[in-house]
1. Using a Debye calculation, one point per C-alpha and no hydration shell, please list log10 I(q)/I(0) for segment 8-57 at q = 0.15, 0.18, 0.22, 0.31 Å⁻¹ in order.
2. Rg to Rh for segment 491-542: what is it, with Cα atoms only and Rh by Kirkwood?
3. Considering only protein heavy atoms and a 1.4 Å probe, what is the carbon-and-sulfur percentage of the accessible area of segment 523-685?
4. With a 10 Å radius around each residue's Cβ, average the other Cβ atoms per peptide and rank 26-38, 514-526, 479-491, highest first.
5. Output the Cα-based Rg and Dmax of segment 1-150 in Å, rounding Rg to one decimal and Dmax to a whole number.
6. Within the accessible area of segment 126-170, what % is carbon and sulfur when the probe is 1.4 Å and the other protein chains stay in place?
7. Tell me, what ³J(HN,Hα) does each residue in segment 630-637 have, in order and in whole Hz, if you take phi through Karplus 6.51 cos²θ - 1.76 cosθ + 1.60 with θ = phi - 60° and put x for Gly and Pro?
8. What is the Å³ per residue value for the convex hull set by the Cα atoms of segment 523-685?
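The values are calculated or read from the model by the stated rules, or taken from the named source; none is laboratory data. These numbers were taken from a predicted model, which means no experiment stands behind them. Cβ sites come from the backbone with ideal geometry, for glycine too, and all protein chains shown count toward neighbours. Side chains included, ligands, DNA and RNA excluded: accessible areas come from the protein's heavy atoms. Shrake-Rupley method; radii C 1.70, N 1.55, O 1.52, S 1.80 Å.
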Amino acid sequence: MEASVILPILKKKLAFLSGGKDRRSGLILTIPLCLEQTNMDELSVTLDYLLSIPSEKCKARGFTVIVDGRKSQWNVVKTVVLMLQNVVPAEVSLVCVVKPDEFWDKKVTHFCFWKEKDRLGFEVILVSANKLTRYIEPCQLTEDFGGSLTYDHMDWLNKRLVFEKFTKESTSLLDELALINNGSDKGNQQEKERSVDLNFLPSVDPETVLQTGHELLSELQQRRFNGSDGGVSWSPMDDELLAQPQVMKLLDSLREQYTRYQEVCRQRSKRTQLEEIQQKVMQVVNWLEGPGSEQLRAQWGIGDSIRASQALQQKHEEIESQHSEWFAVYVELNQQIAALLNAGDEEDLVELKSLQQQLSDVCYRQASQLEFRQNLLQAALEFHGVAQDLSQQLDGLLGMLCVDVAPADGASIQQTLKLLEEKLKSVDVGLQGLREKGQGLLDQISNQASWAYGKDVTIENKENVDHIQGVMEDMQLRKQRCEDMVDVRRLKMLQMVQLFKCEEDAAQAVEWLSELLDALLKTHTRLGDDAQETKVLLEKHRKFVDVAQSTYDYGRQLLQATVVLCQSLRCTSRSSGDTLPRLNRVWKQFTVASEERVHRLEMAIAFHSNAEKILQDCPEEPEAINDEEQFDEVEAVGKSLLDRLTVPVVYPDGTEQYFGSPSDMASTAEHIRDRMKLVSLKRQQLRHPEMMTTES
């Protein structure tokens, strides 16, 4: 009975041999009962198979059967024990029924096995799982019963299947190899007849069977000497110990028969190779010199674009693929010939060397032609790829040049100009690359000789050369046109940068002029404490006005430059139309404020000069001092000056603006009034000299 036949039943693990042994060295047979009803027929089949494995010597020592009834009912346990009497009565020496923690009802278990020992033929004891070690050592019990013995049922079953399969296959293979080897010894004529028989080959691969046997033997030997994970030495089952010599014997027989079989095959193969080699050599030579050469002769162009070159390359790859099949045959034939030459059969050496030389010459010549064609097409593909990239770069550059420039500021113009220069530089690099690729392709074409395809290729090469040179010349012309347009665009962009600069500077001039006006109104408020200081302030003011005039003139010049640049660029300035009115408005406001400042300073000079003249003590000219008109003039100028200080500056647009703060004007007015009081006092003194005497 084979395990593969009853594999579904064995997988149920109705019973198993764990490899453990009792104190009498008898094997332990375990029957684990479960909650579900156990199929007695399947259990009987399982027991029959398990009991057929051990040797007769092992069986003679008897079995200890452990019936695990912890998860089953009493009547099932009783049935199993009684079944053992029919299945293996002679081999069973002890049956240990493992009872559950809660023992079966005494009324149910009234059947006493010990009273039936003579009738059963073996002793039956009821025992708890924790007391099972009284009869069996813990190291011989599995973990289910608190022992340390490791048992993997599926691993055992798989190993058993491998062993039985190996035994069956190796036995069959030995019969076939013996038949083949014995038949080869009956004579050359009979062997030649058998050499063409397909049944000559074994039904299974000897190498596979040998490998399976070695792996099985290695596994059996390893399980024999290795310990378990816990470090406890594990003794293999008797069936494993028995399987080792069987496997070793089968392996030795297989190696011997297989060695003889290989020698028979080698001799037969050597005799048939000569005829096959000669036939295959002629097939390779005839195809390469015939259809293979015709295929290459029909291919000479390089294409006028990437797509065309790729199509030609694809066609060439198809040709190479067909050649590769024949080259593979060549390699195989060359190896076969070399092997036969190394064998040293002198009667075949001359013929083999001649075939080898003829085959090598044809194949190398054809391979050189294929490689040359492949390199030529690859160079053409790279050339057209560079040409396409360059064409796209030129199209992009031309598109950029055809779009009118409308940047927002000078920085964007600089960025655009930088991008334009980078694109032009990229075009230069691309054109240089195209020239290098084109020259390399022309060199390859010029090296193409008539032997390459067996015909004159001058006409075809001229078409290829004209195409390559035409592409390079066309790209050169397109690049030159773009360079001319770039020069024009560069000049225009530089003018636009200058235009933006002029507009920005003009706006800055307006800001400066506004700041000067603001400084004039807020800080230029003092009129001086005397005539000399006022004259100094007037001189400083005139210099201040000169600075403002220069700023205004600078802004006007910049705005005039923007007008000229806009006319050159044929565009409308975005800011000059707003900047010029602002510049003129600020300048008019500054002019009005400046004139008012001059008038006040001049009136202050006249006031201080006359007042100082009156207040000076000059006895030599009493008539001058006594002139009433001078006093009236000082008083009139002082009042006019005081009135002017309270009047705001009125701009041309009607807006008003005061000089300085009210406190500044009050301080200046107070000083003028003080002077006017002194002059008035002086006038009274001159009118009434006795007042001076009294005071004296």
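1. Log10 of I(q)/I(0), two decimals: -0.44, -0.60, -0.83, -1.28.
2. 1.37
3. C and S atoms contribute 51 percent here.
4. Descending mean neighbour count gives 26-38, 514-526, 479-491.
5. For segment 1-150, the Cα radius of gyration and maximum Cα-Cα distance read 14.6, 43 Å.
6. Its accessible area is 49 percent carbon and sulfur atoms.
7. 5, 5, 5, 5, 4, 5, 5, 5
8. Residue-normalised Cα hull volume stands at 125 Å³.
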